[in-house]
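Have a look at the structure below, then the notes.
Bear in mind these aren't lab numbers, they're just calculated from the coordinates by the rules spelled out. The shown structure was predicted, so the numbers you read here are calculated from the model rather than taken from an experiment. Virtual Cβ from ideal backbone geometry, glycine too; neighbours counted across all protein chains shown.
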Amino acid sequence: MTGGTGDMSLMSEPGPDGRFGEFGGRFVPESLMPACLELEQAFKAAWADPEFRRELDDLLRHYGGRPTPVTECVRLSEKLGVRVLLKREDLTHTGSHKLNNVIGQALLTRRMGKSRMIAETGAGQHGVASATAAALFGLECTVFMGEVDTKRQELNVFRMELLGAEVRTVTSGSRTLKDAVNEAMREWVATVDTTHYCLGSVMGPHPFPYMVRQLQRVVGEEAREQCRQILDGADPDVVVACIGGGSNAAGTFAGFVDTTARLVGVEAAGGAAIANGIPGVLHGMHSRLLQDEAGQIEEAQSISAGLDYPGLGPEHAHLAAIGRAEYSTANDDEVLESFRVLSHTEGIIPALESAHAVAWVARVAGTDALPSGSTVLITLSGRGDKDVAQVREIFGRGEHA
Ligand SMILES: *Cc1c(COP(=O)(O)O)cnc(C)c1O
């Protein structure tokens, strides 16, 4: 097994120690190693167990609202000159793809005989999803959130508390997402007998990038079948998803990596870990990270709080290195324009994160990067209700009237 550098199917099993080519791995202090190994064993056994898979499918269907539809965008297609299909993760319970991951990890927590889940959150979306899954399973839940983010996202703090979770404010470092991950890892080591760490994206030490991608691959697998129905057996020419840590993109790409479809990940221009990142180690993984010349991690900047992670999952760094996926960026202005355009033309208000993927399509449609007449599938990772107040402020200031 080579981690997908040649003979084996891409996006199946990673190589030894969770390697994707030169990226990935498990760079953790010795104290964290037993927890990672226990989790790897537990997930592998669960994933191979038809009963676990059946229960997961059942929950995603009857609680989560799966399968989500693929919607043909007639008016947007006309406007852009390319055929646009949307995979509608905005229609899952809690409004984004994040539920797919947390339901799987909550089920795994119970299977490991643990009674408590902890999670990190930046914008609050993964914290809310984790608190939701914990409530469903009757698990105790603690969410670590940087002090800066608790102030920016007061409503999500209240949501988590409403769902029965405890929100623990992190005051170390820059008091944002990066520090919340560090605190959660520390808490995991200290309480591993009773506690599972429910990480929110395809990042961190092995097995998290692999496990979260497997839990999200339902997005891509459903979409491939749905596209074949719509396109008379064909696959889209291009498949596009936005990238924060990279989980909705990884789940989407996993469904299409064995087809001829081009795969495109779109990062925030101010958080472009593929374009501007340097290989390095953070949060237990070797990946591409935004760093200054001294190797200090830099803060990502984006209009959408869900995309401001200063790195991305190691499998994306690998897919970029071998050229199987392409990575681009969208800036805040393009994103706001796409937020408005999708709302206007299709009656779908996208999450600002998802609007990055739409923005890339709008920018390149009709150019060599996406010739007229192409068919493009965009994963709409979430709905925009959470962003409406923020966008109104910006439009209201006349910057985008
Ligand atoms: C959290 C979030 C993202 C970014 O996370 P990924 O792991 O990159 O998918 C994207 N879209 C929405 C709606 C989110 O909530």
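Percent relative contact order of region 38-179, based on C-alpha pairs within less than 8 angstrom and at least six residues apart?
16 percent
Considering the zone a paramagnetic label at Phe27 would reach in this model (a point 7 Å from Cα along the Cα-to-Cβ line), which residues of region 286-316 have amide N under 16 Å from it?
286-298, 310-316
Using 0.36 nm per residue, how much length does the chain from Asp232 to Thr169 gain when fully extended, once their Cα-Cα distance is taken away?
17.5 nm
Contour minus end-to-end for Ser372 and Leu162, with contour as 0.36 nm per residue of separation and end-to-end as the Cα-Cα distance?
Length gained between Ser372 and Leu162: 70.8 nm.
Would you mind calculating the relative contact order of region 190-332 from Cα pairs under 8 angstrom and at least 6 residues apart, reporting the percent as a whole number?
Here the relative contact order equals 25 percent.
Over what distance in Å are the Cα centres of region 244-259 and region 166-205 separated?
About 25 Å separates the Cα centre of region 244-259 from the one of region 166-205.
Which percentage, to the nearest 5, of the DSSP beta bridges contained in the chain is antiparallel?
30 percent
Take Lys151 and Glu55, extend 7 Å from each Cα along the Cα→Cβ direction, and tell me the distance between the two endpoints in nm.
Label at Lys151, label at Glu55, 4.3 nm between them.
Given a Förster radius of 30 Å and the C-beta distance between Asp385 and Leu136 as r, what FRET efficiency does 1/(1 + (r/R0)^6) yield to the nearest 0.05?
For R0 = 30 Å, the calculated efficiency reads 0.90.
Give the relative contact order (percent, whole number) for the chain; include only Cα pairs under 8 Å separated by 6+ residues.
Once normalised by length, the contact order is 19 percent.
May I ask you to evaluate 6.51 cos²θ - 1.76 cosθ + 1.60, the Karplus curve with θ = phi - 60°, for each residue of region 233-240 and list the ³J(HN,Hα) values in order in whole Hz, giving x for glycine and proline?
Using θ = phi - 60°, the values come out as x, 8, 9, x, 5, 9, 10, 10 Hz.
If each of Ile278 and Arg110 carries a label point 7 Å out from its Cα toward its Cβ, how far apart are those two points in nm?
Label at Ile278, label at Arg110, 4.7 nm between them.
Compute the semi-axes of the equivalent ellipsoid of region 210-268, taking the square root of 5 times each eigenvalue of the Cα gyration tensor, and list them largest first in whole Å.
20, 13, 8
Cα gyration tensor of the chain, axes a ≥ b ≥ c as square roots of the eigenvalues: rounded (a/c below 1.5), prolate (a/b > b/c) or oblate?
rounded
Between Gln301 and Arg392, what is the label-point separation in nm under the 7 Å Cα-to-beta-carbon projection?
With each label placed 7 Å out from Cα toward Cβ, I get 2.7 nm.
Leaving out same-chain residues fewer than 8 places away, which lysines sit with a Cα under 29 Å from that of Lys151?
Hits, sequence-local ones excluded: Lys98, Lys178, Lys386.
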